[in-house]
Every structure is written in structure tokens, then in C-alpha cells.
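Colleague: Got a structure for you, questions after.
Where a number appears in this text, it was derived from the coordinates with a stated rule and is not lab data. The shown structure was predicted, so the numbers you read here are calculated from the model rather than taken from an experiment. Ideal geometry is used to build each Cβ from the backbone, glycine not excepted, and the neighbour counts take in all protein chains shown.
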Amino acid sequence: METSPSVDPVPARPEPAGLLPRLRPYARPVLIAGIVITVVAAVLLVVVMGLDAFNATVYSVGGKNISDATDEAQSLRDQFLGVKIGAIIGLVVGGLALIASIAVMYATRGLDADDEGDDLGYDELAGE
């Protein structure tokens, strides 16, 4: 009776260790969220700056100056202050999310867990 050594047909792939491979599944959703947050914050900031400039223009039509020390001018200058700060914070948070997710995706680019080595040619994809 002949015995043959037990051979595993598919060698086990070593499990990557460390923090970056564990963050890889979250990198793409964080990238998408970072893009959305950054774009929305940028559009919001542009709109608010346009409204602020429009208010300053309308206020100055009557011969007044937006940089006067009056309470009315001060209230017009501070009208959109909270939204401006929020939009700038949104830009920073979205930019950090973009940078972090791109860095994780780049650092783990060779560790694609979905790739099982099944490369399909044109004929298989076309159904021929």
C-alpha cells in the first residue's frame, strides 16, 4: 500500500498583521464620505461668502460702510460667522478623511482580500 503525503490544493494565504490591514475595509467608505463632506462644505462656503458679499454691497449702497463700528455693521459682519466656521471645519474634517483613507488604501494596495486569483479573459466575460 502506497501512501502519498497529504497536499493542500490551495495553500493558505498568511493573514496580514497590523493596524492597516484591519482598516482597509473601512478605507473606501471613508474616502467617499470625505469627498462628500469636502464638496458640500466647499459649496456651502462659496454660497455663504457670496451672500456675505451681497449683503455688504447692499448695505454700502446707502453710503454706509460695512467696516464701520456701528452695531448694524457688526451684526451684518457676524451674520454668517457660524456657518463660515462650520464650513471651514467641514473642509478640514473632509480633507483629513480623504488623506487618511488614501494613505490606508495606498499602504495596503497589495493586500486585496477579494482577489482569489481568478482572472477572466475577454472570452469568459463576453460569454463566448
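Colleague: I'd like the FRET efficiency for Gln74 and Ala100, computed as 1/(1 + (r/R0)^6) with the beta carbon distance as r and R0 of 30 Å, rounded to 0.05. Each step should come with its number before you reach the end.
Modeller: On the way: r = 39 Å, r/R0 = 1.30.
Using R0 = 30 Å, I get an efficiency of 0.15.
Colleague: Using mean Cβ contacts within 10 Å as the protection proxy, how do 65-78, 20-33 order, highest first?
Modeller: Result, highest mean Cβ count within 10 Å first: 20-33, 65-78.
Colleague: What is the extension gain from Ala126 to Lys64, computed as 0.36 nm multiplied by their sequence separation minus the C-alpha to C-alpha distance, in nm to one decimal?
Modeller: Details: separation 62, 0.36 × 62 = 22.32 nm, distance 7.10 nm.
The Ala126-Lys64 span can extend by a further 15.2 nm.
Colleague: Let me ask something else about it. Just to verify a number: FRET efficiency for Val39 and Leu81, C-beta to C-beta distance, R0 = 22 Å, to 0.05?
Modeller: Details: r = 22 Å, r/R0 = 1.01.
Working from the Cβ atoms, E equals 0.50.
Colleague: Normalised by the residues of the range 23-128, what does the relative contact order come to in percent, with Cα pairs under 8 Å and at least six apart? Display every interim value, and only then the final one.
Modeller: Details: 70 pairs, mean separation 47.9, N = 106.
It comes to 45 percent, rounded to a whole number.
Colleague: Follow-up. Going toward the positive end of the dipole of the range 47-128, with +1 on Lys and Arg Cβ and -1 on Asp and Glu Cβ, which of Tyr106, Ile89, Leu51 do you reach last?
Modeller: Leu51
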